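Shown next, in structure tokens, is the structure this report addresses.
The values are calculated or read from the model by the stated rules, or taken from the named source; none is laboratory data. Please read these numbers as outputs of a predicted model, since none were measured by experiment. Here the Cβ positions follow ideal geometry from the backbone for every residue, glycine too, while neighbour counts run over all protein chains shown. Ligands, DNA and RNA are stripped out before the accessible areas are found, and what is left, the full protein with its side chains, is counted by its heavy atoms. Shrake-Rupley method; radii C 1.70, N 1.55, O 1.52, S 1.80 Å.
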Amino acid sequence: MGELRALMPFIRRYRGTFAAGLAMVVVSNYFNVLAPRFLERGIDALRAAAPLAEVRRFALLLVGVALIGGVARYFMRDILNSVSRRIETDLRNVIYEHLQRMSAAFYDRYGTGDIMARATNDLLAVRMVAGPALMYLVDTIIRAALIVPAMLHISPLLTGLALLPLIGLPVAMVFLGQLIHRRSLEIQTQFGELTNFVHENLSGVRVVRAYRQEEAESTAFRRLNQQYQARNLSLAKVQGIFYPVLSLFGGLGATAIIYVGGSLVIHGTVTVGAFVAFGVYLAMLVWPMIALGWAINLVQRGAAAMARINQVLNERPTIEGPAAPATLPPATGARALTVDGVWFRYPNAPERRWVPEDMSVDLAPGRSLAIVGATGSGKTTLVDLLVRTYDPDGGRILIDGVDIRDLSLGELHKAVGFVPQETFLFSATLKENVLLGAPAGRRPERRAGRRPAGARRRDVPAERSAARPAPGLRHDAGRAGHQPLGRAEAARRDRSRAGAEPADLRAG
């Protein structure tokens, strides 16, 4: 339950809205509790042969309090459920901003499908805590605080008999609540694994087909689904016990009331109207107890979900800029690149070998170096180290003699042009893809008037620059198609950068 403390800053942000919603809870329950009192007086008036006008007055009062209580209850639900949606949006934005700051090592540990599950299914469970669960918890407490004194006013003996079976409710709720919490956490974890498996198969469908693993992956997916189904059924069994137990305790109280209360009515100790009103009060108290069980169920599931969300929010980036960053010396052209005795092993795969292993490279400004090797030999890893996707375990990388770990991430990324091996071509024109992210003032068409005299530019035919892939579809141009676009973009930007691509290191 302590995991839900992380939700309090989001709730405090809307304290005024919550106050209005909880005020509607009080108003709704106050007028609803008045209804049995008017019912009691109306019945007693009928038995006493009172004038019809008096009976009509109690009937109108009964209708009036029911209307006011119903309207207040509508606004109670509207306000508190709406504010829980806003909290869900705020929490989702916090998660998204946090994920934007995470380093590559974080995504090595958390699969995309798992993150999606935490940001959707888990977040929904947390929203239910901030909305319906909180609403019904407060509703039950206020209703009990108003109904119990009214029941005591009618008959302390009947009140004691009615509430005695309800003492067993806390014991049942604590025991079953622990089971619900544990099994809910297992379900949320299993859902994350299932979502991650689906994502990996969709993104790697070509590999699955290439190695004819459709049947094996289908079998694994079926097994994960069966495990997810089994865990949901285990939770459903606990929930199936939960509500009947609550109803049982309430039914025992009603049984005692009918037996003892009937005797009191026969002996004239309690009027018929009071007996009927007492039964209505008991029914009004039993339903919130059942709703309380549902709310506790929501709280337990929300606590399990919040624990998974907190696990992500408590992660910190492993790659951060220094507190007092250094600056690169001024340069009008290319820069020097030095790789000095670099060792690296992926942090989440300690059993893998070093890639690279004690590697040293010294590139003077303007020089180029092509690096070739088999798959997994460390070509892409070296480029990742150059832009600080990871930091080396040993050695250092320098640009113009400055260790890249001493530079701010912003300055490092300005100094390095990085063309990924796998990239995405948007459903836009060729020109729009090349100029993606370029500042408006630095676009080639705006600099055309500033070209040196005699400079030549090779124009792309209009029909080719305006060509676009099918809308809504990824256009896979492959390595041969994407990398020329990437190189063109890298070359278009500041010429003083050190350009880098998985199979190509340049100091200019």
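Some values worked out for this structure:
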item	result
Gain in span if fully extended, ALA283 to ALA254, counting 0.36 nm per residue against the direct Cα distance	9.6 nm
Sparsely packed trypsin sites (Lys or Arg not before Pro) within the range 212-295, loop by DSSP, other Cβ within 10 Å at most 12	ARG212
Amide H partners (placed H, <5 Å) of PHE418, local residues excluded	ALA500
List HIS181, HIS153, ordered by accessible area with a 1.4 Å probe, largest first	HIS153, HIS181
The range 23-177, accessible surface, carbon-and-sulfur percent (1.4 angstrom probe)	69 percent
Mean Cβ neighbour count within 10 Å, used as a protection proxy, ranking 411-419, 277-285, 295-303 highest first	295-303, 277-285, 411-419
The range 360-392 residues near the modelled ARG353 label - backbone nitrogen below 15 Å, point 7 Å along Cα→Cβ	373-379
The range 272-281 - phi-based ³J(HN,Hα) in whole Hz, Karplus 6.51/-1.76/1.60, Gly and Pro as x	5, x, 5, 5, 5, 4, 5, x, 5, 4
Net charge contributed by nearby residues that have their C-beta within less than 15 Å of TRP294 (K/R +1, D/E -1)	+2
Amide H contacts under 5 Å for SER155, placed H, 5+ residues apart	none
Calculated FRET value between VAL71 and LEU46, using beta carbons and R₀ = 35 Å, to 0.05	0.75
Fraction of beta bridges assigned by DSSP in the range 288-429 that are antiparallel (%, nearest 5)	90 percent
26 Å Cα-Cα reach of LYS379 towards lysines, excluding residues that sit fewer than 8 places from it in its own chain	LYS414
Net +/- balance of residues flanking VAL27 in space, Cβ distance below 12 Å, scoring K and R +1, D and E -1	0
Virtual spin-label span in nm between LYS414 and TYR346, 7 Å along Cα→Cβ	3.4 nm
Accessible area (Å², 1.4 Å probe, nearest 10) - SER103	10 Å²
Efficiency of FRET between GLU97 and SER247 - r from beta-carbon atoms, R0 41 angstrom, step 0.05	0.35
Accessible surface, 1.4 Å probe, highest first, among residues GLU186, GLU315	GLU186, GLU315
Rounded to the nearest 10 Å², the accessible area of THR271 at probe 1.4 Å	70 Å²
ASN232 versus LEU369: modelled label distance in nm, points set 7 Å from Cα along the beta carbon direction	5.5 nm
With all protein chains modelled, accessible area of TRP354 [1.4 Å, Å²]	80 Å²
Candidate residues ILE147, ILE11: accessible-area rank, largest first, probe 1.4 Å	ILE11, ILE147
Projected label distance in nm at GLU432 and ASN121, using a 7 Å step from Cα toward the beta-carbon	3.6 nm
Table column - 3J(HN,Hα) (Hz), the range 206-222, Karplus curve with 6.51, -1.76, 1.60, x for Gly and Pro	5, 5, 4, 5, 4, 9, 6, 9, 4, 5, 5, 5, 5, 5, 5, 5, 5
Under-5 Å amide H pairs with LEU407, H placed in peptide plane, nonlocal only	ALA326
Under Karplus coefficients 6.51, -1.76 and 1.60, residue-wise ³J(HN,Hα) of the range 325-330 in Hz, glycine/proline x	x, 7, 10, 6, x, x
